[in-house]
Structures are given as structure tokens and as C-alpha cells.
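Down below is the structure, laid out as C-alpha cells.
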Amino acid sequence: MLPIRRVLILLIPFLASVAAHKEPKTPEEIEVQRALQAAAYHCAPAVEQFTAARKRSWAQKVLAGRPSLPGFDELFASETYADLPGSASDAEQTVMGCSPLQETRIQNNTCVLTPVVTEGPYYHQAGHPVRQNIAELQPGLLLLLDIGVIDVETCKPLPNVLVDIWQANATGFYAGHPVPHPHLVGEKPQVGGKRSGLLSAFPRTIEEETFLRGAWPTDANGVAQFTTIFPGYYTGRATHVHTKVFPKWTVLPNRTFTSDHLAHVGQFFFDDEINLRIDEMHPYSENPIRHTYGRTRNWRDSLNIFEDSHGPEGQYNPVFKLDLLGGVISQGLIGYITMGINASASYDNRWKG
């Protein structure tokens, strides 16, 4: 049996041939997926410690004399994830007196490892701002995202890689894409097949819109944090957040970026139970398809994207682990997830359709 690192090195030449949202079919592609899956098992203990430390450090920050919810800048200050001494009573503490503080228990399905899902039609090749707060005054439920990145070859946090994310707003629209093509107004969703429930992609008609889009580099601890709102849903798709990871990039004068080294394409999801609860909150309750086509549950996600995100043998977990920021859900949520990537992989930074 070859060591995992050796298997990954041997398979790197094949990684570039695995297109986004392409089911592994050839023996080489299947072996790539299985090797990365083995890396997930191999890295699980390290990721457990990684994520538990992130949660503990954040919670200790809140417990250290701050009776109220910290502001965005305080919560995501550079020292938030600095090493802090633990205590035996941590597990008995509560965050703001309401939410139990517990170390994350990460099983062997921790990592979102393989770029097997489509980036979708709403990514902007140019113009994604480099920023942590991507909400841009969009109304919705406060959502703080804590996204860790590890190197599957070393099982160690991966600093200084750019995590790029984008999502729909509370009523299911992406920045720059408010309306369908004129000849497709009134189009009905696809019935049956892998595209069941989908409409044709809306064109980009407002070039300057950038809400709910942004990228930020991981810090020395391999963590990128974002302030956003909980995403809404649209026909045929489960609620999700898109992501790309770039090991190398260049910041442009207008505070956007460019890169020719894409190492990961993926999508994150949320538990259906949380999705259904948030559906009742304003402005999510104003989704224009709520009383017609309604939301698509994870297990019915079109193009099999939710299923593909679990990997060919179902061993990955693309669902955020959510904690309340306060005593009730309306005070906001913080979501944790860890991605394992092979920083040596390189993919075309363009939508495959």
C-alpha cells in the first residue's frame, strides 16, 4: 500500500483532467477521488483539532468579559484565532449564557476535498472584491462564515491561499443577474432529468453589482472568515454557497483580483431543517417562488450537485456546522467548515456548463 502522500503525488498529472461537475468515470479519475478520500480519513484527527481550536478561541474571546455580541470587526480581528490557553471548565461554559460551548466532533467525513461540482453560471471572472464583509447592505439573517483550509498532503492548515465565495441574496438573486433573457420571461422550470427544476441562467445585465461576492486570504492558521447573510434559494437548487480556492493571485488597483492558479471548485450547503426555519423569516418569506415552485430540498438538488459534493463514495461532508450567535436564531449564525485541497492541482478558471 503506497502512502497517501505518494499516491497523491502520482495522481497529480490526472487532476488537471478532472473537469468541474464531471462524474469520475475513467480508472484514473476514480483513483484520484479515492486517494483524496483516503486523505480525508488520514487528516480527520488533525482537522478535528483544527476546528475545535477555532471554535474554542472564538468562544473564549466572547466569554472574556464581553456580555454583548461583538461587532464584525472585533469578531474577525486578526488576534481572534491566536492561541489561547484552554481550561477544564470550557465544556461547561456557555457562549453569551445561551449557546453551549462544545468542541466540534469531526468524523472521517470532515473535508470537502474534491472539485467535482460546477461553479455555476453566476461567477464573474473579473470583479470579485477582496474583502471579508460581502453582505453589502443586503437584508437578511446575519451569517458569519469560518472556512478553514488544510493541505491534504500534510494535514496542516494552509495559510495565504485565497478563498473566493459568492451566493444568492435572501430572495434568490445573484448580483448582476436580476432578470431573465427577454425571450425567456415566463419560462417554466425543467421537468424531469438531472436539470429538473432549473430555469435557464439569467444574463448579467448590471455589471457594477457586487453584493454577496468576495474573496479573502487565509491567515497564518489557515482560516478565512466572512460576514454575509444566510443565502436564499431559487428554482431547482438547494441553498448553497459557491467557493473557489486560489493558491496564487494578484490584487488589482480596484481591490479585485486576478489568478491563473485555481486549485478547488466547490459548493457548501446547510441542513434542510435550518433552511426551513429561515424560510419563515423576513425577507426570506418574500421569495417570489415560495408559493409556486417552492424550495428545493438538499436531496432533490438539480444536477446532483449536493450528492456529488459528498464524493463518489459519500465520504465528504459539504454542510456547514452552525452555531447560534445568541440565544435565538434571529440574532445570527456562525458556520464552520474545513476544506482539504491539493494546492498542486490546477484547473481552468472558467465555467464548464
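Read-outs: derived from the displayed coordinates by stated rules, not from any lab. On a predicted model such as this, the values are computed, not experimentally measured, just so you know. Here Cβ is always computed from backbone atoms with ideal geometry, including for glycine, and neighbour counts include all displayed protein chains.
Backbone amide hydrogens, once placed in the peptide plane, bring H261 within less than 5 Å of K248, excluding anything fewer than 5 places away on its chain. Pop the C-beta distance of S346 and V251 into the FRET formula with R0 = 25 Å and round what comes out to the nearest 0.05. For S346 and V251, the calculated efficiency is 0.80. Protection proxy ranking, highest mean first, for peptides 133-145, 334-346, 187-199, 209-221: 334-346, 209-221, 133-145, 187-199, where packing is the per-residue count of other beta-carbon atoms within 10 Å, averaged. Under 5 Å between amide hydrogens, built in the peptide plane, is the criterion, and for I229 it picks out L143 among residues at least 5 positions away or on other chains.
You can think of it this way: the chain between N160 and A201 has 11.4 nm of extra reach, that is 0.36 nm per residue less the Cα-Cα gap.
The 3J(HN,Hα) values that the Karplus relation (6.51, -1.76, 1.60; θ = phi - 60°) gives for the range 49-57 are, in residue order, 5, 4, 6, 4, 5, 4, 5, 5, 5 Hz. Gly and Pro appear as x.
Sequentially through the range 216-233, phi angles give Karplus couplings (6.51, -1.76, 1.60; θ = phi - 60°) of 8, x, 5, 7, 4, 9, x, 10, 10, 10, 9, 9, 8, 10, 4, x, x, 10 Hz, Gly and Pro residues having no value and appearing as x. Suppose R0 equals 30 Å. What FRET efficiency, 1/(1 + (r/R0)^6) with r the Cβ-Cβ distance, do D271 and H291 give to the nearest 0.05? Efficiency, rounded to the nearest 0.05: 0.85.
Evaluating kT/(6 pi eta Rh) at 20 °C and 1.002 mPa s, with the Kirkwood radius of the range 245-324 over Cα pairs in the Stokes-Einstein relation, gives 136 µm² s⁻¹.
For V191 and Q331, a Förster radius of 30 Å and the Cβ-Cβ distance give a FRET efficiency of 0.15, rounded to the nearest 0.05.
Sequentially through the range 206-212, phi angles give Karplus couplings (6.51, -1.76, 1.60; θ = phi - 60°) of 10, 4, 7, 6, 9, 4, 6 Hz, Gly and Pro residues having no value and appearing as x.
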